[in-house]
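The values are calculated or read from the model by the stated rules, or taken from the named source; none is laboratory data. Note that the coordinates shown come from a computational prediction; the quantities given were computed from them, not determined experimentally. Reconstructed Cβ throughout: ideal geometry from the backbone, glycine too, with neighbour counts over all protein chains shown. Please note that ligands, DNA and RNA were not included when accessible areas were found on the heavy atoms of the full protein model with its side chains. Shrake-Rupley method; radii C 1.70, N 1.55, O 1.52, S 1.80 Å.
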Amino acid sequence: QVQLVESGGGLVQPGGSLRLSCAASGFFFSVNSMAWYRQAPGKEREMVASITSYGRGNYADFVKGRFTISRDNAKNTMYLQMNSLKPEDTAVYYCNRFPNPAAWGQGTQVTVSS
């Protein structure tokens, strides 16, 4: 059974940083592309960044230069380093397989506010 557990969210001031983690189990993590997604209140879920099985990242324009996606296949874990955070980055952040997501986890709340 696929299980995805996101962590690392919180409240941060504009310009601050957070590092999200995604612990994956129940599938062959190391051979799957993965992605971070987010959903803000009243908005559709959107992809933030994706990463291939061998570690090549791809970013949505609205996070390019600020966020960095990475993974550790030995630990079945993916990360999202978020710098220069803006209030519009406020959302629940989810991880999942890409491009064919499995069941969604609980997500982790990121709130950017002064």
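Considering segment 43-114, the qualifying strands (runs of 3 or more DSSP E), each wholly inside and each with 1 or more residues that are under 15 Å from A24 (Cα atoms) and either free of Cβ contacts under 8 Å to residues at least 24 places away in the same chain or out of contact with any Leu (no Cβ under 7 Å at 6 or more places or on another chain) (or both), run over 46-51, 67-72, 77-82, 91-97. A residue that is at pLDDT below 95, surrounded by fewer than 15 Cβ atoms within 10 Å (Cβ to Cβ) and not aromatic (F, W, Y) cannot be found anywhere in segment 85-92.
Considering segment 12-22 alone, what residues qualify as being open to solvent by 50 Å² or more (accessible area, probe 1.4 Å) and either touching a Lys or Arg at 6+ places or on another chain (Cβ under 9 Å) or free of Cβ contacts under 8 Å to residues at least 12 places away in the same chain (or both)? P14, G15, listed by residue number. If you scan segment 59-84, which residues turn out to be of a type in the set (V, I, T) and either open to solvent by 10 Å² or more (accessible area, probe 1.4 Å) or closer than 19 Å to G105 by Cα (or both)? If the condition is that a residue be of a type in the set (V, I, T) and either open to solvent by 10 Å² or more (accessible area, probe 1.4 Å) or closer than 19 Å to G105 by Cα (or both), then T68, I69, T77 are the ones that fit. Residues that are surrounded by fewer than 16 Cβ atoms within 10 Å (Cβ to Cβ) and touching a Leu at 6+ places or on another chain (Cβ under 9 Å) were ranked within segment 23-42; the one that is farthest from K86 (Cα to Cα) is G26.
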